[in-house]
Amino acid sequence: MTSLTQAITLKYRERDVVSVNLGFAQASSDFLTAALLIYSLAVIAFAGDYAFGRPRRTAAAKAAVPATAQLAAVGAGSAGGTSVAGTAAQAATALPAAPAPRAGAFKALWAAGPWVRAAVAFSALGALAHLVAVITRGLAVHRAPWGNMYEFITALTCVAAIFFCYIVVRYRAWALGVFVMGAVVVALGLAEALINTPAGPLVPALQSYWLSVHVTAMTLATGIFFVAAVLGIMYLVAERYRKRVAAGKAEPGNGLIARIPSAAQLDKLTYRTVVFGFPVWTFGVIAGAIWADQAWGRYWGWDPVETWAFITWVIYAAYLHARATAGWRGARAHYIQLIGFVSLVTNMLVVQVFITGMHSYAGVSG
């Protein structure tokens, strides 16, 4: 088994010393720039829906009077209010309304209006261009395209955008687009401006097939947790506003709060997102331990990055436990989830870059 592992690792090292394909490298840069621009258009379209689309849909919904309400009005206008129509209307309104059949995802998207259709189309097109940028980066360097901090952030924002497109279709969550896609644009823009790293070979310590296993899992989980963090912040804002209105400290009817999903919906969606990402993070930690045994002869050595990855795992596990316990639902559980994401970001941007350890090669310079 050891000889097979050494042979595979040697094969990866031989492949990684091949010169960079400049054509693919340039294509990756161009597609990433295009993705950033398309994402920006998506954010503008989502904001346009907040400004123009949603108020019109709300007004149209209020103008549409249900048939049962019309019957009730006719009955109330009759002599003594005991007409047959009035009795029928009262009986109809007394019965629980049958749930309306849920429209298909694409029908619901079409009914949401032109701003939403344009925003979702831009998001999907941007995610496609982003995915092509990641793939061509890998083709340019003949390896998995997440061997340094720049590539890692590029890949995780791609995962975040694709995952958001999924929840848009699955949960009709386009009301979250301006926040999630806005965060993707900010993260990707900062990576492009501050830590852009030219395509190049890996440092020796990373030249292993376990890079494709361990870092892929951590990238996927980080992208999913990125979306969960944005949803968690939105929940806390919505819940704080609700409490201020209940206490008489704020006026009801805030236009922005009224246009996002309710706190209960955000709470449920955040929980489902973390549930989706947590097993992936767990697998990534386990794969990292196996890689450490292959590279350094031990599964766990309390290296700073290993320790912070474990701390992050514990915090997210605590969130899931708190969320499943009735006494810890709501804001307190979301604070735990956001602390977990802060721990993750600290590990990625501080521990790996500024603290000396076995994982110091994962810094900005690649």
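The values are calculated or read from the model by the stated rules, or taken from the named source; none is laboratory data. Model, not experiment: these values are computed from the prediction. In this analysis, Cβ positions are derived from the backbone assuming ideal geometry, glycine residues included, and neighbour counts consider all displayed protein chains. SASA here: full protein model, heavy atoms, side chains in, ligands and nucleic acids out. Shrake-Rupley method; radii C 1.70, N 1.55, O 1.52, S 1.80 Å.
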Checklist entry - Can we say residue 183 is open to solvent by 10 Å² or more (accessible area, probe 1.4 Å) and assigned to a helix (DSSP H, G or I)? => result yes
Checklist entry - If you go through the stretch 214-259, how many residues are open to solvent by 60 Å² or more (accessible area, probe 1.4 Å) and polar (S, T, N, Q)? => result 1
Next on the checklist: Residues that are farther than 29 Å from residue 269 by Cα, part of a helix (DSSP H, G or I) and open to solvent by 20 Å² or more (accessible area, probe 1.4 Å): does the stretch 145-164 have at least one?
Outcome noted: no
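How many residues does the stretch 163-195 contain that are among the hydroxyl-bearing types (Ser, Thr, Tyr) and touching a residue at least 60 places away in the same chain (Cβ under 8 Å)?
Step one: list which residues in the stretch 163-195 are among the hydroxyl-bearing types (Ser, Thr, Tyr), which gives 166, 171.
Filter again for touching a residue at least 60 places away in the same chain (Cβ under 8 Å), leaving 171.
Adding up the residues that qualify gives 1.
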Checklist entry - residue 330: within 19 Å of residue 219 (Cβ to Cβ) and at pLDDT 80 or above, yes or no? => result no
Next on the checklist: List the residue pairs whose Cβ atoms are under 9 Å apart, where the first residue sits in the stretch 31-59 and is open to solvent by 70 Å² or more (accessible area, probe 1.4 Å), the second is modelled with pLDDT under 95 and not in a helix (DSSP H, G or I), and the two are 6 or more positions apart or on different chains.
Outcome noted: 52/113; 56/113; 57/112; 57/113
Checklist entry - If you check residue 189 against the conditions, is it closer than 30 Å to residue 142 by Cα, of a type in the set (Gly, Ala, Ser) and exposed (fewer than 15 other Cβ atoms within 10 Å of the Cβ)? => result yes
Checklist entry - Restricting the search to the stretch 272-300, which residues are open to solvent by 70 Å² or more (accessible area, probe 1.4 Å) and closer than 25 Å to residue 159 by Cβ? => result 272, 276, 279, 283, 286
Next on the checklist: Of all residues being closer than 16 Å to residue 274 by Cα and without any contact (Cβ under 8 Å) to a residue 24 or more places away in the chain in the stretch 302-327, which is farthest from the chain's Cα centre (by Cα)? Just the residue, please.
Outcome noted: 325
